[in-house]
Amino acid sequence: MEGGSVNHTSDGQNVQLTGRTCSCEEGELERLDMLRADRWGRLRDGVRRCQLRRGAWYPVLRVGADAAVVVVRHQSVIVPPSYLEIVDTRPSKWTVVARERYAVCPNCAERVALGAVPERMRCGRCRGVFEVELEPELSAPS
């Protein structure tokens, strides 16, 4: 990886935190926000004191026994995997954070205040139209 500091996970793997890039196979560099993630994660309900925003989905780069690496604002961030709900496909529905009365766009992570929960909503930022999840903060994307 380019720049940054190195953190060590309990399984002996080095995870380097960087500002914009990560090293991929055979030394090739890619922007973190351009990586195609095979897994996506969001905070589980009830997790406190974490630098991830509630309701937003993040690309998951790696999951180990006691450390998961996710992309947050173009940087890799290490969090305990127990903090995350992890799925294999990119979410396609708005996440509803009922306790705080907002929804998070699955495409751009824009937060929108909610009154009644509609079946579908258009995002003011990315203009995408997406269904709204049925069970706030508990349902995995379909």
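Every number in this text was worked out from the coordinates using simple rules, so none of it is lab data. Note that this is a predicted model, so its numbers are computed, not measured. Cβ: placed from backbone, ideal geometry, glycine included. Neighbour counts: every protein chain shown.
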| said: If I stretch the segment between ARG101 and ARG120 completely, what's the gain in nm (0.36 nm per residue apart, minus their alpha carbon distance), one decimal? | reply: 5.2 nm
| Cα→Cβ-extended label distance, 7 Å offset, between ARG48 and VAL63, nm | 2.6 nm
| request: Take the Cα of GLU131, step 7 Å along the line toward its Cβ, and report every residue of region 94-112 whose backbone nitrogen sits under 11 Å from that point. | output: 94
| remark: Listing TRP40, TRP57 by rising number of other beta-carbon atoms within 10 angstrom, fewest first, gives TRP40, TRP57
